[in-house]
């Protein structure tokens, strides 16, 4: 399934020369997101370990894409991260997001990063739906 890609989004754009280029998919029925990727060494904080800010960015993006299943445009207003293990560079990881609850214009979601079946980092976020503009799939 195709999902929206901003032409210059740091995480999902295919054309941003310094971007991560993650390819998230959305399960609209279950309000979930998913991506599989390998972070290059350009995103490390220390040798072979992804920078914590990059890890937080991926968790935030998974939440945003899951909330995209609600067909609204939103902004992250709260994000809490729990780093459980090192997230490696140069190895394939999986990123998951899921909407947990919706209260008016607030969407609550969780996300996590896994490798080899083990959860490496978790995120919980709150997204404010500031627009009813549909989250329309676009190919980039």
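For the reader, a short list of remarks on this structure follows.
- Considering region 22-49, and only residues there that are in a loop (DSSP other than H, G, I, E, B) and surrounded by 19 or more Cβ atoms within 10 Å (Cβ to Cβ), the residue that is modelled with the highest pLDDT turns out to be 39.
- Test: residue in region 4-20 that is surrounded by 16 or more Cβ atoms within 10 Å (Cβ to Cβ), farther than 22 Å from residue 129 by Cβ and modelled with pLDDT of 95 or more: yes
- On the stretch given as region 74-92, residues that are surrounded by 18 or more Cβ atoms within 10 Å (Cβ to Cβ) and either within 17 Å of residue 32 (Cβ to Cβ) or at pLDDT below 95 (or both) total 1.
- Being at pLDDT 95 or above, surrounded by fewer than 16 Cβ atoms within 10 Å (Cβ to Cβ) and more than 17 Å from the chain's Cα centre (by Cα) is a property that residue 116 has.
- Unmet criterion (only one of (1) within 22 Å of residue 130 (Cα to Cα); (2) in contact with a strand residue (DSSP E or B) (Cβ under 7 Å, 6 or more places away or on another chain); (3) assigned to a helix (DSSP H, G or I)) for residue 57: (2)
- Checking each residue in region 97-111 for being surrounded by fewer than 19 Cβ atoms within 10 Å (Cβ to Cβ) and closer than 16 Å to residue 65 by Cβ picks out 100, 102, 108, 110.
The values are calculated or read from the model by the stated rules, or taken from the named source; none is laboratory data. This structure is a prediction, so every number in the text was calculated from the model and none was measured. Every residue, glycine as well, gets a Cβ built from its backbone with ideal geometry; the counts of neighbours run over all protein chains shown.
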